[in-house]
Structure formats: structure tokens, C-alpha cells
1. Please determine whether any residue of the stretch 68-77 is within 15 Å of the ligand (Cβ to nearest atom), outside the structural domain of Leu196 (by TED's automatic domain parsing) and either within 13 Å of the chain's Cα centre (by Cα) or at pLDDT below 95 (or both).
2. Within the stretch 25-49, which residues are within 16 Å of the ligand (Cβ to nearest atom) and charged (D, E, K, R)?
3. Tell me which residues, restricted to the stretch 37-49, are surrounded by 21 or more Cβ atoms within 10 Å (Cβ to Cβ) and free of Cβ contacts under 8 Å to residues at least 40 places away in the same chain.
4. Residues in the stretch 56-109 that are β-branched (Val, Ile, Thr) and in a helix (DSSP H, G or I): how many?
5. Please enumerate the residues belonging to the stretch 165-177 that are crowded, with 20+ Cβ neighbours inside 10 Å and either modelled with pLDDT under 95 or in contact with a His (Cβ under 7 Å, 6 or more places away or on another chain) (or both).
6. Is there a residue being among the hydroxyl-bearing types (Ser, Thr, Tyr) and in the same structural domain as Ala199 (by TED's automatic domain parsing) anywhere in the stretch 123-143?
7. Just checking: which of the strands (runs of 3 or more DSSP E) contained wholly in the stretch 120-214 hold 3 or more residues that are free of Cβ contacts under 8 Å to residues at least 60 places away in the same chain?
8. Read through the list (1) within 24 Å of Val113 (Cα to Cα); (2) in contact with a strand residue (DSSP E or B) (Cβ under 7 Å, 6 or more places away or on another chain); (3) more than 12 Å from the ligand (Cβ to nearest atom), then give the number of the only condition that Gly214 fails.
Amino acid sequence: MPAERDARTDTEAQPSPLAVGVLVSGRGSNLQAILDAIDHGALAARVAVVVSNRPGVLALTRAEQRNIPTAVHERRDFSSRRARDQAILRTLQAHNVALVVNAGYSAILHRSVVAAYRDRIINIHPSLLPAFAGGMAPKPQADALAAGVKIAGCTVHIVTEDVDAGPIIAQAAVPVLDEDTTETLAARILAAEHRLLPAVIGWFAAGRLQVTAGRVLGVPPAVTGG
Ligand code: GRF
């Protein structure tokens with residue numbers, strides 16, 4: 001039937017979507033945002049594997065529920081951080097990962113992994129870098145509140161050997177309200193993260209991004225959220 005032929009031709013014409021490897025350590029709400037964006041057709045990518053440095057975390061459950069391959073590489077199972085990260089690298093390569101996304105990943109990647117995926121590892125950090133770099137959530141959000149800033153937000157950047165200091169790809173800003181606690185501010189920032197991270201992966205997949213002299217070009221203007 002012509003309709004069937006057309007459908008098959010369409011399928012064959014599709015370029016294979018970008019294979020993303022997501023590194024997680026905990027709740028996995030950013031992983032969920034990526035999966036939801038893919039499901040809704042808003043992101044042309046596929047999550048090829050989810051790697052955690054901690055067993056039993058919710059992020060792994062989210063992946064398993066979708067039959068996405070998972071791997072756990074705990075530091076204590078290896079003689080060194082480098083050995084653990086080489087195992088992570090082998091897992092990523094075994095799944096033909098083209099882009100690595102640190103989505104709430106709590107460890108610092110060994111330089112050998114950074115080199116193997118140069119300019120192809122991104123991280124989301126819950127502050128407007130370079131302000132409030134370092135530390136895991138909720139420290140950056142608490143620090144922003146304590147500093148009295150009126151605008152907070154999140155940053156997606158390329159991972160380099162220097163923690164939270166790689167080229168900035170995109171940022172989303174949110175207001176800080178008088179009545180905010182660390183929890184309410186973190187929740188507002190997290191909602192912005194869930195919009196920003198899938199968008200950045202989409203730009204990467206579309207080949208929009210260029211890294212030139214420490215700056216990332218080709219990105220649409222700043223995303224803001226409330
Ligand atoms: C997020 O706030 C992210 O910016 C930070 O860690 C948190 C991870 O949250 N790096 P989740 O695991 O994605 O829910």
C-alpha cells in the first residue's frame with residue numbers, strides 16, 4: 001500500500017538521533033525533563049545510557065522504567081578515581097554516546113574523560129556562573145540567597161578540567177523574592193533548569209554550537225523564567 005511505503009521511506013530518511021549519555025547521582029529531575037522533551041517531540045535525541053556513581057537513586061529508577069540501559073560505577077569499587085572514570089568512559093563508548101550530560105552528577109570527572117569527550121560534555125549548575133561556582137545543590141542557591149542577589153538562575157556549560165569554569169553555553173534567570181527560602185528559590189531555579197537543559201541538548205544535536213576562544217557561539221539570546 002502506498003501509505004505503508006511512504007511511512008517506511010520516511011523512517012529510512014530519518015537521521016539517527018543524537019545519542020546522549022546522562023550522568024546522575026540522585027533525584028534525576030533533569031533526566032526526567034530530557035526524557036519528557038524527547039517524548040513530546042521537542043528534542044531530537046535519545047538517551048543511550050544513564051550512568052550513576054551512586055546505587056539505588058531515583059534517577060536510575062526513572063531510566064529503568066523506560067528500559068534505558070543503566071550502569072553504576074561507585075568509587076569504592078575501584079582503586080582510584082581515574083580507574084572508576086575509565087569504567088564510565090568505557091560504558092559511554094560502548095553505547096556510542098556522542099554527548100555526555102552531567103545532570104546532577106556529584107563527582108568531578110577525571111581529566112582523561114574530559115579529554116576523550118572534549119567539548120562534548122555539558123553540565124548544569126544551579127547558579128548564574130561565574131557567581132556561586134562549586135558545591136552541589138542546594139549550596140549555590142543558598143549562597144545566592146545569602147548574598148542578597150535579586151536575580152538568580154542556572155547555567156549550562158561545557159565541562160573542562162576546571163570545575164564549573166568551562167565555556168558557558170546558556171543561562172536562565174529567575175527573580176529572587178523577598179519571601180524566598182533556599183527551598184523556594186531552588187524550586188524556581190529547578191523549573192528553569194528543566195527548560196534550559198533540553199533546549200541546550202537540542203542546539204547541540206542541531207550542530208548550532210561553536211566553541212571559539214573560550215566562548216560558545218550560535219546560542220539564542222538568554223532564556224529567562226519566573
Ligand atoms: C540540580 O539543581 C542541578 O543544577 C545540580 O544538581 C541538581 C540535580 O537535580 N547540578 P536532579 O537530580 O536533576 O533532580
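1. no
2. Arg27, Asp36
3. The one that is surrounded by 21 or more Cβ atoms within 10 Å (Cβ to Cβ) and free of Cβ contacts under 8 Å to residues at least 40 places away in the same chain: Val47.
4. 3
5. Gly166, Ile169
6. Residues of the stretch 123-143 that are among the hydroxyl-bearing types (Ser, Thr, Tyr), as a first pass: 127.
Restricting the remaining residues to those that are in the same structural domain as Ala199 (by TED's automatic domain parsing) gives 127.
For the stretch 123-143, residues among the hydroxyl-bearing types (Ser, Thr, Tyr) and in the same structural domain as Ala199 (by TED's automatic domain parsing): present.
7. Values: elements: 121-125, 151-158, 168-175, 210-212.
Hits in the stretch 120-214: 121-125, 151-158, 168-175.
8. Failing condition for Gly214: (2).
The values are calculated or read from the model by the stated rules, or taken from the named source; none is laboratory data. Quick caveat: nothing in here was measured; it's all calculated off a predicted structure. Glycine also receives a Cβ, built like all others from the backbone with ideal geometry; neighbour counts cover every protein chain displayed.
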